[in-house]
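The structure appears below as C-alpha cells.
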Amino acid sequence: MRVLVVNAGSSSLKSQLLETDGKISLMKCLAEKVGTSDAYMNVSFAPDFKKTKYQMPGLSVSECLAKLLDILVEDPESPISALDQIDAVGNRIVAGGEYFTKSAVIDDEAREKLTLCEELAPLHNPPADACIDMMREHMPNTPQVAVFDTAFHSTMPPKAYLYPLPREYYEKYRIRRYGAHGTSHRYAAQQAANLLGRPLRDLGIITCHLGNGGSITAVNHGKSIDTTMGFTPLEGLMMGTRSGSIDPAIVTYLMRREHKTFDEMDRILNKESGILGVSGLSADMRDVLQAADDGDEWAELAIEMYVHRVQKAIGGYYAIMTRTDAVVMTAGIGENSAELRERIFAGLAHMGMILDKDRNNVTGEIGLNRVISIDDSPIKICIVTADEEIRIARETDNLVSQLG
Ligand code: AMP
C-alpha cells in the first residue's frame, strides 16, 4: 500500500510517501520555520533523494502540505502523477485525549472528536487537523488514519495518570497525564523483545526516547504503566528547549517578579529552557558536547543535569515495574551519542544495567538495532532505531486494509 505520512508540527511539516509492503520510501519532505518569512521546504524523491528547496514565506502548515501535493503530481521525478495513486494517508496526532485509545480511521465522527482534542495540544493538533481537512477536500476518496502519540499510554492506571490536584479539574477539564511519543515507545519495546528473543508480554522494558524532545516509559508486560510526559509534552525530562518538570511555583513567582504574561511563560518553558537555557549556547546536544569538550562549564553542567534526570527516571521506573529485563535507547541522542549513553549507564551499573564500552562505541553498525550491554548484564541495554514514519504507515495500512 502506498501511504502518505503527514507529521504536522507547530512550525514544521515532515512527510514521506512510503510503500508499506517493502518499507520503501518514495518521497521525503521537511518544511521548517513554517509561518515565518524564512520558511522553506525540502522535497526529495527516491532513489537518490536529491533535495529541492522551495521557499514558503508566510504559508501555514496545511498550505505547505497543499504545495507538496502539487509537487507530487507535477514533478517529473515524482513516483506518482495523480493524487488517486496515493492509497491512504496516515496522520500523526500529538494528543488524542481520552477520546482515542488507539489509531482511528478519520470519518465524520472521528473528525469531530479531533476538534475536541485541540485544546490539549494547542500548538500541534490544530495544524494537523487543518492538514486533514485540506486533504479531505483534495482527495475525498482517499482514507485517512489518525495515529496518536498518546494512545500507547492509555493503559496507564489512574494512580499514574492523575495529578494530586482538586478532583474537580480532572472531572471538568480532563486534566491528567496523557504522555507522548507513544508510537516510538511501543516500537522500541517490541524491537527490544525481538532482540531478546522473547515475547513482549513476558518482559519488563524501560524505553528511553531521547531526542530533541525526550520521554521515558515503563512498559510492563507490553503495556505502558507510566511515562515521563504528562498533560502536555512539557513534563518530565530536561529537553532541547523544554524545561521538563520544575517546581510549578517558579511559574507564578516569575510572573509576579518579572511581570511575565501567560504567553511569555509558555515560551520560556517550551522554547528557551532545557539544554539551550542552561548551556546558553544551543539546543543541539552535539554542539553542547563539543562546547563541554572545549571547556565550557555551563555546557558541561547542562549535560550533567540531563544525565541526572534520565538516571532518576530510569531508576524510578525500575522501582514500579514487576520486573526489568531491558532498557532501550532510541531517537537522536539515544541512538547516536555513545558518550551520553556511557554517562547515563555509568550511574546505573549497580542496578544491573552494565554497558559494554566496546559495543557502545561501535559506529559501524549505526542504524542497526542491537544489544550494547555485557553478556552477563542482568538487565540488557539495547539501541533501537526510531522510524516513526514507517510505524505510522504500517498502522495506517492495517486499519485501511480492514476497511476492505
Ligand atoms: P531527534 O529529535 O530524535 O531528531 O534528535 C535530535 C537530537 O539528537 C539533537 O539534540 C541532536 O543534537 C541529537 N543528536 C543527533 N546525533 C547526535 C550525536 N551523534 N551525538 C549527540 N547528539 C546527537
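If a/c stays under 1.5 just call it rounded; otherwise compare a/b with b/c (prolate if a/b is bigger, oblate if not). Do that for the chain, with a ≥ b ≥ c from the square roots of the Cα gyration tensor eigenvalues. Judged from the Cα gyration tensor, the chain comes out rounded (a/c under 1.5). Taking the chain as a Gaussian network of alpha-carbon nodes connected by springs under 10 Å, the highest mean-square fluctuation of the residues Ala180, Ala319, Ala128 belongs to Ala319. When only Cα pairs below 8 angstrom with a gap of at least 6 residues are kept, the chain shows a relative contact order of 14 percent.
Ellipticity at 222 nm from helices only: DSSP H runs of n ≥ 4 in the chain, each -39500 (n - 2.57), divided by the residue count, give -12000 deg cm²/dmol.
Residues considered: Ala346, Ala193, Ala95. Largest GNM mean-square fluctuation over the chain, using C-alpha springs under 10 Å, is found at Ala346. Neighbours of Thr228, meaning other residues whose beta-carbon lies under 13 angstrom from its beta-carbon, give a summed charge of +2 when Lys and Arg score +1 and Asp and Glu score -1.
Straight-distance candidates among the lysines for linking to Lys67, with alpha-carbon spacing under 16 Å and chain neighbours fewer than 8 residues away dropped: Lys14, Lys28, Lys33, Lys51, Lys53.
Between amide H atoms placed 1.01 Å from N, distances below 5 Å from Asn91 occur with Val6, Val145, Ala146, Val147, all of them 5 or more places distant or on a separate chain. A straight Cα-to-Cα reach below 21 Å connects Lys260 with the lysines Lys271, residues fewer than 8 places away in its own chain not being considered. A Cβ-based charge dipole, computed about the Cα centre of the range 290-383 with Lys and Arg at +1 and Asp and Glu at -1, lands at about 560 debye. Taking each residue as 0.36 nm, the span from Arg370 to Asp358 lengthens on full extension beyond its C-alpha to C-alpha distance by 3.0 nm. Note on the chain: with a GNM built from Cα contacts shorter than 10 Å, the maximum mean-square fluctuation among Pro79, Pro140, Pro248 falls on Pro248. The amide H of Glu235, built 1.01 Å from its N in the peptide plane, has Gly230 as neighbours under 5 Å, considering only residues 5 or more places off or on other chains. Proximity of backbone amide H atoms, modeled 1.01 Å from N, is registered between Ser224 and Thr155 at under 5 Å, excluding neighbours fewer than 5 places apart on the same chain. Across the range 6-23, rounded Karplus estimates of 3J(HN,Hα) from the backbone phi angles (6.51 cos²θ - 1.76 cosθ + 1.60, θ = phi - 60°) give 10, 10, 8, x, 6, 9, 8, 9, 10, 8, 9, 9, 10, 9, 6, 4, x, 6 Hz, Gly and Pro being marked x. Output wanted: per-residue J couplings in Hz (rounded whole) for the range 136-141, from phi through Karplus 6.51 cos²θ - 1.76 cosθ + 1.60, θ = phi - 60°, x for Gly and Pro. Per residue, the Karplus-derived 3J(HN,Hα) values read 4, 6, 6, 9, x, 9 Hz.
Coordinate-derived values only; no laboratory data. In this text, all values refer to a predicted model and were calculated from it rather than measured experimentally. Quick reminder, even Gly has a Cβ in these numbers, built from the backbone with ideal geometry, and neighbours come from all protein chains shown.
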